[in-house]
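The values are calculated or read from the model by the stated rules, or taken from the named source; none is laboratory data. Being a predicted model, the structure only gives us computed values, none of them experimental. Because the Cβ atoms are built from the backbone with ideal geometry, glycine has one as well, and the counts that use them run over all protein chains shown.
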Amino acid sequence: MPTQLRLTSIDAYHSLPTHSIRRKVLECLIKYGPHTCEELEHMLRMKHQTVSARIRELFEEHKLKDSGIRRKTESGRKAIVWSA
């Protein structure tokens, strides 16, 4: 039974609508201009892990780029400002 549970969990993971989340991230950057991951998290009300993973995917697909700008996060660290 544990093997079946594990396969069910894996199936559930692969069925997540990451393409729609990716689209939301991209549309937000197109509509509102360049933002950091943290800013997008707040705007879209999504977890860091969700947004950062979608940013990575969009970057690898050449749909996002590093704008060359850095802004401070809430923790005071500098973050990449992503551009569509």
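Cβ-Cβ distance below 9 Å, separation of 6 or more or different chains: which pairs start in segment 56-67 with a residue that is in contact (Cβ under 8 Å) with a residue 12 or more places away in the chain and end on one that is assigned to a strand (DSSP E or B) and β-branched (Val, Ile, Thr)?
If the second residue must be assigned to a strand (DSSP E or B) and β-branched (Val, Ile, Thr), the pairs left are 66/80; 66/81; 67/80; 67/81.
How many residues does segment 25-84 hold that are part of a helix (DSSP H, G or I) and touching an Asp or Glu at 6+ places or on another chain (Cβ under 7 Å)?
Here is the first cut: in segment 25-84, the ones part of a helix (DSSP H, G or I) are 25-32, 37-44, 48-60.
Imposing the further condition that a residue be touching an Asp or Glu at 6+ places or on another chain (Cβ under 7 Å) reduces the set to 38, 48, 51.
Result for segment 25-84: 3.
Checking the structure you have, find out if any residue of segment 6-18 is at pLDDT below 95, within 12 Å of the chain's Cα centre (by Cα) and in a helix (DSSP H, G or I).
Of all residues in segment 6-18, those at pLDDT below 95 come to 6-18.
With the extra rule that they be within 12 Å of the chain's Cα centre (by Cα), the set shrinks to 18.
Pick out the ones that are also in a helix (DSSP H, G or I) and you get 18.
Yes, segment 6-18 contains at least one residue that is at pLDDT below 95, within 12 Å of the chain's Cα centre (by Cα) and in a helix (DSSP H, G or I).
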